[in-house]
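Scroll down for the structure; my scribbles are underneath it.
None of the figures in this text is laboratory data; all of them are computed from the coordinates on show. All values reported here derive from a predicted model rather than from experimental measurement. Every residue, glycine as well, gets a Cβ built from its backbone with ideal geometry; the counts of neighbours run over all protein chains shown.
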């Protein structure tokens, strides 16, 4: 008799655990917030790596690399050629001399595939950026929120 009681108790616990797993899976499938929170655990290091790679290229003035790290779907890339980009960068007196990642958040799907057909995901990256103005030598600390786009599995600056 005692063995049978343990089997019932064990079956009840397995059933309860299975029920909890089903509810958890359903919430991840049907509710954006928990799904994106779980996805952000996976994507955040990749977004931060893309951000750090982009800022390193900016700070090193590696203009060909900066251009390659811009998302093709971004407004800037759609409206500027490479030669226009080079001209903009060479005449701009503002240089990034330091940065600090404040946060990465706002992971979301592409809700406008007609406007952004190649974009899989969007995310926001808040960054404190120290700028130096080469024409005056003045420095300024600014807080910016950058959009990063995931295109063809790769995170790029929007």
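Applying 1/(1 + (r/R0)^6) with R0 = 22 Å to the Cβ-Cβ distance of residue 141 and residue 62, what FRET efficiency is obtained, to the nearest 0.05?
E(calc), rounded to 0.05, equals 0.40.
Taking the Cα-to-Cβ direction at residue 115 and at residue 16 and moving 7 Å from each Cα, how far apart do the two end points lie in nm?
Computed distance between label sites residue 115 and residue 16 equals 4.9 nm.
Express the relative contact order of the chain as a whole percentage, based on alpha carbon pairs under 8 Å and six or more residues apart in sequence.
20
If I stretch the segment between residue 86 and residue 49 completely, what's the gain in nm (0.36 nm per residue apart, minus their alpha carbon distance), one decimal?
Net length gain for the segment: 10.9 nm.
Translational diffusion coefficient of the chain at 4 °C, 1.567 mPa s, Stokes-Einstein with Kirkwood Rh over Cα pairs, in µm²/s as a whole number.
69
Can you figure out the FRET efficiency of residue 124 with residue 154, using R₀ = 22 Å and their beta-carbon distance, to the nearest 0.05?
That pair, residue 124 with residue 154, gives E of 0.80.
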